[in-house]
Structure formats: structure tokens, C-alpha cells
1. Taking only the range 10-50 into account, find how many residues are among the aliphatic types (A, V, I, L, M), more than 24 Å from LEU146 (Cβ to Cβ) and touching a Gly at 6+ places or on another chain (Cβ under 8 Å).
2. Test ALA206 against the criterion of being among the small types (Gly, Ala, Ser), buried (at least 20 other Cβ atoms within 10 Å of the Cβ) and part of a loop (DSSP other than H, G, I, E, B), and give yes or no.
3. Is it fair to say VAL170 is over 27 Å from MET130 (Cα atoms) and open to solvent by less than 20 Å² (accessible area, probe 1.4 Å)?
4. Please work out if VAL262 is away from the ligand (no atom under 16 Å from the Cβ), open to solvent by less than 30 Å² (accessible area, probe 1.4 Å) and not polar (S, T, N, Q).
5. (1) more than 26 Å from PHE122 (Cβ to Cβ); (2) open to solvent by less than 50 Å² (accessible area, probe 1.4 Å); (3) free of Cβ contacts under 8 Å to residues at least 40 places away in the same chain: which one isn't true of ASN236, the others all being true?
6. Would you tally the residues in the range 116-149 being open to solvent by 50 Å² or more (accessible area, probe 1.4 Å) and farther than 23 Å from THR192 by Cα?
7. How many residues does the range 28-59 contain that are on the phi > 0 side of the Ramachandran plot and either in contact with a strand residue (DSSP E or B) (Cβ under 7 Å, 6 or more places away or on another chain) or open to solvent by less than 30 Å² (accessible area, probe 1.4 Å) (or both)?
8. Restricting attention to the range 265-286, and to residues there that are open to solvent by less than 10 Å² (accessible area, probe 1.4 Å) and part of a loop (DSSP other than H, G, I, E, B), which single residue is nearest to the ligand (Cβ to nearest atom)?
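The values are calculated or read from the model by the stated rules, or taken from the named source; none is laboratory data. Since we're looking at a predicted model, the values are computed, not measured. Neighbour counts are summed over all protein chains in view; Cβ atoms, including those assigned to glycine, are modelled from backbone coordinates with ideal geometry. Quick note on the areas: whole protein, heavy atoms, side chains included, nothing else; ligands and nucleic acids left out. Shrake-Rupley method; radii C 1.70, N 1.55, O 1.52, S 1.80 Å.
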Amino acid sequence: MSKLIDGKALAATIKEEIAQEVQEMQSQGLKTPHLAAVLVGNNPASEAYVGNKVRSCEKVGFKSTLIRKENSITQGELMDVIKDLNENPDIDGFIVQLPLPEHIDEHAVTLAIDYKKDVDGFHPINIGRMAQGLDSYLPATPFGILQMLDRYNIETSGKHCVVIGRSNIVGTPMSILMSRKAKVGNATVTLTHSRTRDLEAEVKRADIIIAAIGIPFFVTSNMVKEGAVIIDVGINRVEDSSRKRGYRLAGDVNLDDVLDKVSYITPVPGGVGPMTVVSLLKNTLRAAKGEIEF
Ligand code: NAD
């Protein structure tokens, strides 16, 4: 049995399920789910992420709208774009791709998004509801990880989960979700970060390691317990002269080094990344169906 968790294949399966549901909705005369994305400037990574999201929408039969704005957009102008999307009844959910230019207040932007259309799950109302165990839009990457653990029947109840990294979009929500009373949850969670003392000893206790640090090959076999499950969230560019573009993508975990020890691991690329996009689609579907009772 392969130890690799195939996020790419799982994402394709879930996309097919979503596409089928969209067809059923359409045959019942219901509205086609519609996701909008706001892209400010032309950061190449953001262009790639947004392009991928829009293509994925088309693949499952959603409507999608891409709103491009110049880097020079003012806070007020961006707020007006958000207001229009909040008020547009045809848009079920929308995202504002981060990072935003330095002169824009990201927090104010997140707050301005109607939480009922906040399919990125970044609004404090959605984060707060998640923390209280209420239904909400879950942030896409943690939501994708939950689905992977679920579909691979990886037991989390009573397990010791160590999360490395405390960002608002991955580490912190992941730590909350893994400790929730839920089908995937009920774990004892340790949230570690750059100020953690003896990180190696903390990680070595883990049955499940979730690495979201942004440092290539950070987790090595000396930090890993025999039989551990590793979810590698990191997406890092490492120099590779054998590739045409001069680099390749690597995770936060040294996969070759830990493979003998682990029971499961997500590769990079092809692990968490594809599941993140699928989760955004799932949130949009939930928005279109008005599934969450706020
Ligand atoms: P971030 O870059 O905002 O923060 C990194 C976190 O790592 C911080 O909380 C910091 O405390 C911790 N950290 C840094 N150095 C450390 C050290 N030496 N020891 C312990 N902890 C340390 O984090 P992020 O936005 O969650 O991104 C993390 C990685 O995940 C990046 O590589 C990013 O590209 C990737 N990412 C991937 C996806 C996906 O869909 N696969 C989604 C989001 C982020």
C-alpha cells in the first residue's frame, strides 16, 4: 500500500462529485453557483492561484467572474468593489486574493466582505463560529486537510497532533479544527511556532504532524515518530538547474528522509495544494445552497 496521500486524485474525485451536484441543481431549475475573485496587481504566484481557481470553477460547471484591478487601486476603490459584490445577488461567494499591496489594509478588506459570502472563511465571524464548533465556511487549506484525513480514514480521535506554524490561514485554524469534537477531530493538539523551545522533542511526540512553516525540508526523520502521519502544507521554491524554469516545488518536510518512518504522507506538489482549491469550490457550493444557518 502506498504511503502517499494522493491529493490530486482525491481532488479530481471530489470535483466530479461537485460537478454532478451542479448538474442536479440545474436540472431542478436552481441557480448555477457563482464565485467571484478579485485580483489586485500581477504578483505571479497570485496570478497562478487565481487562474487555477477560475479554471476549477469552469470544470465543475460553476460561473466565475475574475475582477482585475491595478496595483494602484485605493482602499476606498477596493471597498467599493467589495460592496458591489456583497450586494450582487448573482454572486454566491467571493474571494479577494492575498497578499494585497502594502498601502491596502488587509484586515479592513477581510472585515468588509459579507461573512455569508466569505468562502475563504477568513472573516472573524466565520473563524469565531469555527472556534465555537458552529457551522461556518472553513478556511480552504485546513478544510482540504480535514477532507483528506476523512477520505483516507485516518483516525484522529485521541491522537496527538502537532501543528508547526501558527498563521491565520493554516496553522491556527488547523489546531482549532483538530481539537474540535467532530468526526475528524478529537485530537490532543500542540501548536508550535518559531518561539517553541525544543521543537524536535514536541514534534517527535506526534501521531499526526501538520507542517505549515514555509521552510523547505525543515522536518527530518530525527523529528518523526515511527508510524506518524504527516501533512505537508509547505510550498517552497528550491533551485533546480535540471528544470527549465530553474526551480522545483518542495514541501516543509524532507519526504525522502522520513518516508521509511511514516504511515502516511502528503507529497508536494500533489498533496494539500489541489485539496485547497476543491475546498473553495465546496464552500461556494454551500453558499449557493444557503446551507449554513448563520
Ligand atoms: P506563514 O508564512 O504566515 O508563517 C509561517 C509560520 O511558521 C509562522 O507561524 C512561524 O511561527 C512558523 N515558523 C517559522 N519558522 C519556524 C521555525 N524555525 N520553527 C517553528 N516554526 C516556525 O505561514 P503560512 O501562510 O501558513 O504558509 C506556510 C507554508 O504553507 C508556506 O510554504 C506556504 O506557501 C504554504 N501554503 C500552502 C498552501 C496550500 O494550499 N498547500 C496554502 C497556504 C500556505
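1. 1
2. yes
3. no
4. So VAL262 fits the description; yes.
5. (1)
6. Qualifying residue count for the region: 4.
7. Final tally of qualifying residues: 1.
8. Per the stated criteria, the residue is GLY271.
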